[in-house]
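All remarks here apply to the structure that follows.
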Amino acid sequence: MKRYTLSFIVLVIAIGIPFLLISPNERSAVSGNGRVTQEMLSDAVEDAIRIAEKNYYKPIDDSSEMFRGSIKGALASLNDPYTYYVTQKEHQRAIENLYNAQFGGLGIHLYYDHQGFIKISKPIPNTPAALANLQAGDYITKVNGKRIHLSEKSGMRFDDVINLLRGELGTDVTITVQRKFLEPFDVTLTRGKIPVNSVKSTMLEGNTGYIRITGFIGSRREDGTEGEFTEALEAHKTAGMKALILDLRDNQGGLLNAAYHIADAFIDDGLIVSTKGKRREFNEEYPATPDLLCPPDIPLIVLVNEYSASASEIVAGAIKDARRGILVGQKTYGKGVVQKRYPLVDGGSMSLTISTYYTPNGTSINDVGITPQVPIEPEEPDEIEQLMLRKVDANGTLRDFVTKWIDDHYQRPGEMPKDFSLLETELPKLQEMLEEERIIVSLRWLKQRAEELFNLHVGIESVVNLDYDRQLQEAIRIIKAEEIEKYFDPIPEDTELPSTTQADTPEKPEPIADSE
């Protein structure tokens, strides 16, 4: 059984970016009707681009994008949403966020206010920003002398600012800071290692531990998701945890290796996942190890929803099949294939689907998903109010109202307003403003949106919100009533695990939308 090659395998996030580096040294022949060779088709692509360069009615300064377009078209012809071309910039960002779980930066959480200016909501402790005494509420008006302002006129986007602040470890960046009541001043910072966090945790009533995993990142076991998860779990055990809720909702996947080790924390026998592809090297079995991080006497509930995909489905499927815990929530996304990334000579790369994965019971969940033992729909506004809330999210009135209120109530440097209840009393005014724009929403759902935005902008990390979370409420109820075992699926008879010696061709997945 193979175990330690897992760090070279990645599950493409069902609605996002994931990958791995290996070099392709082979080229398949293209035969067409038997007379058209691969070389002829390659020459035809070059001919088409050269003809366009010469005869297109507008100047073509650089034909590189046309060549990249041919790569995109070639991969798109496979009709696989998880196989695609990745630019050099996107590839580098994936390496930082997904594989390394860290990047070179300053260590600040940013947002933009109602006028398009960039503000600090929270410096991360022990980072260059915190050590330089940057504060919540500070504006960043320039980066290396370049004026920072988001607007149609400037053409600057929020991602552009992030790219200016990120950079190679050990390099310097000078930012101009505007702090309320003070004159602008420059600060030169040396970029340091900034961790990408993927785990949040808290202790709920009745000594119930709660751990939320937002993605599976980090190619080294001590870094990324596994390290964060282990730290959170140990803290809960020390605090006297009697049950655990593992929240995988909206977790769109990541590295297979990280998912394997999280599942292995709960399961000590049998397979956790297996993969099967056309090539023998892609056939893998990943067994559980006897060492458990979470004792078997700790009741376990896993929260899932329709956006729990890929690597999160590996964890949920293993826990369900092993009868280690129960799933509560909605049917998962159904992304059951594995990808590798192959580098290309232009600095970009391609993500290619290379195998199907199977849960311990030998089930492929591709295009099917995993059905929870306790189906619970989230509490949502009715159809008309959902439409109105989408308008609220799109038109910027709520964001402008909240950020202006924060700015108006920022009285002294370093003392960002933190009491949402004070803003809450002003929400009827916001409701009236929206009504003037023919957007009718109830105070209940307007408050939820406003509180989330407020917390984000002032640096408050609210791990859970029980007032609006029906699925979490049900999980707590089941734990209190000691009902977990009654929801266990019956033990299947004569279950056969999938062969890992034969090729498998998965069904074509339905197209999906990109996120962010």
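The values are calculated or read from the model by the stated rules, or taken from the named source; none is laboratory data. All of these numbers come straight from a predicted model, not from anything done at the bench. A quick note on method: Cβ atoms are made from the backbone with ideal geometry, for glycine too, and the neighbour counts reach across all protein chains shown. SASA here: full protein model, heavy atoms, side chains in, ligands and nucleic acids out. Shrake-Rupley method; radii C 1.70, N 1.55, O 1.52, S 1.80 Å.
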If G16 satisfies all but one of (1) under 30 Å from G254 (Cα atoms); (2) at pLDDT 90 or above; (3) assigned to a loop (DSSP other than H, G, I, E, B); (4) not polar (S, T, N, Q), what's the number of the condition it fails? (2)
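Could you list all residues from the range 457-482 that are among the hydrophobic types (A, V, I, L, M, F, W, C) and farther than 14 Å from Y210 by Cα? Spell out the reasoning first.
Taking the range 457-482 first, the residues among the hydrophobic types (A, V, I, L, M, F, W, C) are 458, 460, 463-464, 466, 472, 475-476, 478-479, 481.
V458, I460, I478, A481, listed by residue number.
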Criterion violated by L472 - all others in (1) part of a helix (DSSP H, G or I); (2) out of contact with any Asp or Glu (no Cβ under 8 Å at 6 or more places or on another chain); (3) surrounded by 17 or more Cβ atoms within 10 Å (Cβ to Cβ) satisfied: (2)
Going by the conditions given, is Y99 in contact with a Leu (Cβ under 8 Å, 6 or more places away or on another chain), at pLDDT 95 or above and open to solvent by less than 40 Å² (accessible area, probe 1.4 Å)? no
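Take the conditions at pLDDT below 95 and in a helix (DSSP H, G or I) and apply them to K418. Does it pass?
Values: at pLDDT below 95: yes; in a helix (DSSP H, G or I): no.
No: the conditions fail for K418.
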Conditions: (1) aliphatic (A, V, I, L, M); (2) in contact (Cβ under 8 Å) with a residue 60 or more places away in the chain; (3) surrounded by 24 or more Cβ atoms within 10 Å (Cβ to Cβ). L233 meets all but one. Number of the miss? (3)
Only residues that are touching a Ser or Thr at 6+ places or on another chain (Cβ under 7 Å), among the small types (G, A, S) and outside any loop (DSSP other than H, G, I, E, B): list them for the range 299-316, please. A316
Which of the residues belonging to the range 449-466 are open to solvent by 30 Å² or more (accessible area, probe 1.4 Å) and either closer than 24 Å to L434 by Cα or in contact with a helix residue (DSSP H, G or I) (Cβ under 7 Å, 6 or more places away or on another chain) (or both)? R449, E451, E452, L453, L456, S462, V464, L466
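Mind listing whichever residues of the range 126-150 are on the phi < 0 side of the Ramachandran plot and among the small types (G, A, S)?
Quick first cut of the range 126-150, residues on the phi < 0 side of the Ramachandran plot only: 127-132, 134-136, 138-143, 146-150.
Listed by number, the residues that qualify are A129, A130, A132, A136.
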Give the residues of the range 427-444 that are open to solvent by 20 Å² or more (accessible area, probe 1.4 Å) and not β-branched (V, I, T), sorted by residue number. P428, K429, Q431, E432, M433, E435, E436, E437, R438, S442, L443, R444
Looking only at the range 202-227, and only at residues there that are more than 15 Å from H261 (Cα to Cα) and polar (S, T, N, Q), the one that is surrounded by the most Cβ atoms within 10 Å (Cβ to Cβ): T208
Starting from the range 55-82, take each residue that is under 30 Å from G336 (Cα atoms) and list its partners that are of a type in the set (F, W, Y) and surrounded by 11 or more Cβ atoms within 10 Å (Cβ to Cβ), counting only C-beta distances under 8 angstrom and pairs at least six apart or across chains. R68/Y85; I71/Y85; K72/Y84; K72/Y85; L75/Y84; L75/Y85; A76/Y84
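So which residues in the range 394-448 are β-branched (V, I, T) and touching a Phe, Trp or Tyr at 6+ places or on another chain (Cβ under 8 Å)?
Restricting attention to the range 394-448, the residues satisfying the condition of being β-branched (V, I, T) are 397, 402-403, 406, 425, 439-441.
V402, T403, I406, listed by residue number.
Rundown of residues vs (1) under 17 Å from the mean Cα position of the chain (by Cα); (2) closer than 21 Å to Y82 by Cα; (3) part of a helix (DSSP H, G or I); (4) not aliphatic (A, V, I, L, M), yes/no style:
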residue	(1), (2), (3), (4)
F229	yes, no, yes, yes
L233	no, no, yes, no
H236	no, no, yes, yes
D250	yes, yes, no, yes
A258	yes, yes, yes, no
F266	no, no, no, yes
So, first residue open to solvent by 60 Å² or more (accessible area, probe 1.4 Å) in the range 282-298, second residue among the basic types (K, R), Cβ within less than 8 Å, six or more apart or across chains; the pairs are P296/R324
Only one residue in L110, L78, L106 is open to solvent by 90 Å² or more (accessible area, probe 1.4 Å), at pLDDT 90 or above and under 30 Å from G253 (Cα atoms), so which one is that? L78
Filtered residues of the range 131-147 (kept if closer than 20 Å to F181 by Cα and touching a strand residue (DSSP E or B) at 6+ places or on another chain (Cβ under 6 Å)): A132, L134, A136, D138, Y139, I140, T141, K142
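Do the conditions hold for Y333, that is, is it open to solvent by 50 Å² or more (accessible area, probe 1.4 Å) and hydroxyl-bearing (S, T, Y)? Steps first, please.
On the way: open to solvent by 50 Å² or more (accessible area, probe 1.4 Å): yes; hydroxyl-bearing (S, T, Y): yes.
Yes: the conditions hold for Y333.
In the range 312-329, which residues are open to solvent by 10 Å² or more (accessible area, probe 1.4 Å) and either in contact with a Gly (Cβ under 6 Å, 6 or more places away or on another chain) or among the aliphatic types (A, V, I, L, M) (or both)? So that I can check it myself, show each step before the final result.
Kept after step one, since they are open to solvent by 10 Å² or more (accessible area, probe 1.4 Å), are these residues of the range 312-329: 320-324.
Within the range 312-329, just A322 meets the criteria.
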Check off (1) open to solvent by 60 Å² or more (accessible area, probe 1.4 Å); (2) out of contact with any strand residue (DSSP E or B) (no Cβ under 8 Å at 6 or more places or on another chain) for P375 and give me the number that stays unchecked. (2)
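Mind counting the residues in the range 70-89 that are of a type outside the set (A, V, I, L, M) and in contact with a helix residue (DSSP H, G or I) (Cβ under 9 Å, 6 or more places away or on another chain)? I'd like the intermediate steps shown before the answer.
Restricting attention to the range 70-89, the residues satisfying the condition of being of a type outside the set (A, V, I, L, M) are 70, 72-73, 77, 79-85, 87-89.
Next, from what is left, pick out any that are in contact with a helix residue (DSSP H, G or I) (Cβ under 9 Å, 6 or more places away or on another chain): 70, 83-85, 87, 89.
Matching residues across the range 70-89 total 6.
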Residue satisfying all of: in the range 124-141; open to solvent by 30 Å² or more (accessible area, probe 1.4 Å) and either without any contact (Cβ under 8 Å) to a residue 40 or more places away in the chain or more than 28 Å from the chain's Cα centre (by Cα) (or both); nearest to D408 (Cα to Cα) among these: T141
By my count, strands (runs of 3 or more DSSP E) wholly in the range 142-201 with at least 3 residues that are within 20 Å of L131 (Cα to Cα) and open to solvent by 60 Å² or more (accessible area, probe 1.4 Å) are 185-190
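Okay, residues lined up against (1) in a strand (DSSP E or B); (2) modelled with pLDDT of 95 or more:
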residue	(1), (2)
A318	no, yes
G334	no, yes
R341	yes, no
I354	yes, yes
